[in-house]
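Trainee: So that we are looking at the same thing, I have put the structure below in C-alpha cells.
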Amino acid sequence: MQTKVLIVGLLALEGVSAMAAAKAPVKKVVKKAPVKKVVTKAPVKKAPAKKAVVRKSAGGVTNDIGVTAPVGLFDPLGFLSRGPDAYRRYQEIEIKHGRLAMAATLGVIVTEAGIRLPGTPSPTTIASYADIPGTLSGAYFGTPLAGWAQIVALIAALDIAVFRQDPANAPGDVVQDLPIAWVRYADPEVKTFKLNAERNNGRAAMLGIIGMISHQALGVDALFPIVR
C-alpha cells in the first residue's frame, strides 16, 4: 500500500514538473548583428602642382628680334624666367652696348689706319689729334682727363635726354620725336632682317672690342695680334 502511494506521488510530481516546464516561456537567443565601425579617413593633402615657368615678352620670345638661326633661343642662365619687364630691360641694354661696341670697333680700325679728326682735343697739352697714338692704350692714356670727362658727359646726355628710350616704343627705337631723317622700313620682312642684322652685328662687335682690348693688354697689335 505504501509502495503504491509512493509511486503515485512520484508520478504526480513528475506531472507537475512537466506542466511547469511546459508553461515556462522559452527565451529566444537573438544574435545581434555586429556593429560596423565607420573609420573616417583623414583627407589626403595633394602636393601643389609646380607650374611651369611661362616665358613671356611683347612678341613671344621665340619670334623676337635677335632670336636667329642657327643658335635660336639661347638663355643658359635663365634670364627669361625673371619676367617680361626684366627681359625688356635686357633687350634695351644689349642694343645700347652693341651700338657702342660697333662705334668702338670702327674707331679702332679708323685710327689704326692713321685717320684722325682735325683740330685738337686740348690746345694747352696736345697740338692735334694726330699726336694721340692710334692704339687702344695710346688713346686711353694719351687723352687728357678733361677730355675723358667731356666724352663721358656727352654719352650720358645722349643716353638720358636725347636718345632716351620710351617704354611705349620698341627696344632701341629712340628717335621718335627727334627731327632726324631716320630710315624706316615699311616692309615687315625687310625691317625684321635689318633689326636682326643690327643685333647680330652688335654682338659680334662686343666680342671684337673685348678681343682688341685683350690683345693690347697682352702687348700685341689690337687688330693683327699674330703680326710682329
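Trainee: In sequence order, what are the phi-derived ³J(HN,Hα) couplings for the range 163-177 according to the Karplus relation 6.51 cos²θ - 1.76 cosθ + 1.60 with θ = phi - 60°, rounded to whole Hz, with x for glycine and proline?
Mentor: 9, 5, 7, 8, x, 6, 9, 5, x, x, 7, 10, 10, 4, 9
Trainee: So for each of 83-90, 69-76 I average, over its residues, the number of other beta carbons within 10 Å; can you give me the resulting order with the highest mean first?
Mentor: 83-90, 69-76
Trainee: A further question on this structure: Taking square-rooted eigenvalues a ≥ b ≥ c of the alpha carbon gyration tensor, is the range 79-217 rounded, prolate or oblate, where a/c under 1.5 means rounded and, failing that, a/b exceeding b/c means prolate?
Mentor: The shape class here is prolate.
Trainee: Enumerate the calculated ³J(HN,Hα) couplings along the range 151-156 in order (Karplus 6.51 cos²θ - 1.76 cosθ + 1.60, θ = phi - 60°), each rounded to whole Hz, writing x wherever the residue is Gly or Pro.
Mentor: Running phi through 6.51 cos²θ - 1.76 cosθ + 1.60 with θ = phi - 60° gives 5, 5, 5, 5, 5, 5 Hz.
Trainee: For the range 99-110, in order, what is each residue's ³J(HN,Hα) by Karplus, 6.51 cos²θ - 1.76 cosθ + 1.60 with θ = phi - 60°, in whole Hz (x at glycine and Pro)?
Mentor: 5, 5, 5, 5, 5, 5, 5, 5, x, 5, 5, 5
Trainee: Determine, for D177, D159, the number of other Cβ atoms within 10 Å of each Cβ, and report the residues in order from fewest to most.
Mentor: The most exposed by this proxy come first: D177, D159.
All of the numbers you see were taken from the coordinates with simple rules; none came from a lab. It should be emphasised that the depicted structure is a prediction, and the values quoted were computed from it without experimental measurement. With ideal geometry, Cβ positions are generated from the backbone for all residues, glycine too; neighbour counts draw on all protein chains shown.
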